[in-house]
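The values are calculated or read from the model by the stated rules, or taken from the named source; none is laboratory data. Since the structure is predicted, the reported quantities are computational estimates derived from the model, not experimental observations. Here the Cβ positions follow ideal geometry from the backbone for every residue, glycine too, while neighbour counts run over all protein chains shown. Each accessible area value is taken on the protein alone, full model and side chains, heavy atoms only, with ligands, DNA and RNA left out. Shrake-Rupley method; radii C 1.70, N 1.55, O 1.52, S 1.80 Å.
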Amino acid sequence: FVATWRKPIAESGRIQTPLNIKWSPTCRGDFQEMAIHHIITNILVIGSSHMRLTIIGSMVFMVHDVSDVPVDLSKLANFMKWKTSTTVCFILMVIVWLVTRLGIFPFYIFRGIVQNAHICYTEGVIDERFARMYTGLFVGLLVAIITLHLVWFLMLIKIGYYKVIKGEFHDLSEYKKGEKSIAPIKKDQ
């Protein structure tokens, strides 16, 4: 029993750190999306742990942890100014993001939760009143996360587009509001 609640509690603490940046004078360009994403993720993880539905929280973690590795590698390579490594990591990131966050997550995990939610109370895992109440909440939060994944995927496509047009990467999430994220493309380039 102890092992099943350690991971969700530890992960929710790790996930919560971006919320502390709000009062910093410099915020990421996608701060609002990140804050919403982390609040929703914490609610899902703590809620799934509380309702003894740790498999939901575990699957959400699995998809995010797997796809975070190429994201971090791409950012690291870009920071180190390793152009070839950045391109390879970026392509890997887009593929892994597409497979995990826009493939496995909505079409397997989310669909499984929606189609099989009734099993939790018909088999007595949790009380039917709580199951019916929390199923709608969980489904709504998962839809919000999937929507954010789509928004970020479109941002990745835009980053890739600028890589093809300008020949360099620009992390669109690193710019503050009011700051130009991409310099205008000159005709002579």
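Restricting attention to the range 130-146, does a residue exist that is within 30 Å of GLU168 (Cα to Cα), at pLDDT 85 or above and either in contact with a Phe, Trp or Tyr (Cβ under 8 Å, 6 or more places away or on another chain) or surrounded by 15 or more Cβ atoms within 10 Å (Cβ to Cβ) (or both)?
As a first pass, look at the range 130-146 and keep what is within 30 Å of GLU168 (Cα to Cα): 145-146.
Retained after the next criterion (residues that are at pLDDT 85 or above): 145-146.
Subset that is either in contact with a Phe, Trp or Tyr (Cβ under 8 Å, 6 or more places away or on another chain) or surrounded by 15 or more Cβ atoms within 10 Å (Cβ to Cβ) (or both): 145-146.
Among the residues of the range 130-146, at least one is within 30 Å of GLU168 (Cα to Cα), at pLDDT 85 or above and either in contact with a Phe, Trp or Tyr (Cβ under 8 Å, 6 or more places away or on another chain) or surrounded by 15 or more Cβ atoms within 10 Å (Cβ to Cβ) (or both), which makes the answer yes.
Give, as residue ranges, the helices (runs of 4 or more DSSP H) completely inside the range 30-100 that count at least 1 residues that are under 18 Å from HIS149 (Cβ atoms) and touching a Gly at 6+ places or on another chain (Cβ under 6 Å).
On the way: elements: 31-50, 54-79, 83-99.
Those helices (runs of 4 or more DSSP H) span 31-50.
Restricting to the range 51-80, what's the tally of residues that are at pLDDT 90 or above, more than 15 Å from the chain's Cα centre (by Cα) and open to solvent by 80 Å² or more (accessible area, probe 1.4 Å)? Total meeting the criteria: 2. Restricting the range 106-127 to residues that are in a loop (DSSP other than H, G, I, E, B) and not acidic (Asp, Glu) leaves a set whose member that is nearest to the chain's Cα centre (by Cα) is ALA117. State which residue is farthest from TRP152 (Cα to Cα) when the search covers only the range 81-106 and only residues that are without any contact (Cβ under 8 Å) to a residue 40 or more places away in the chain and surrounded by 15 or more Cβ atoms within 10 Å (Cβ to Cβ). Taking the candidates together, the pick is SER85.
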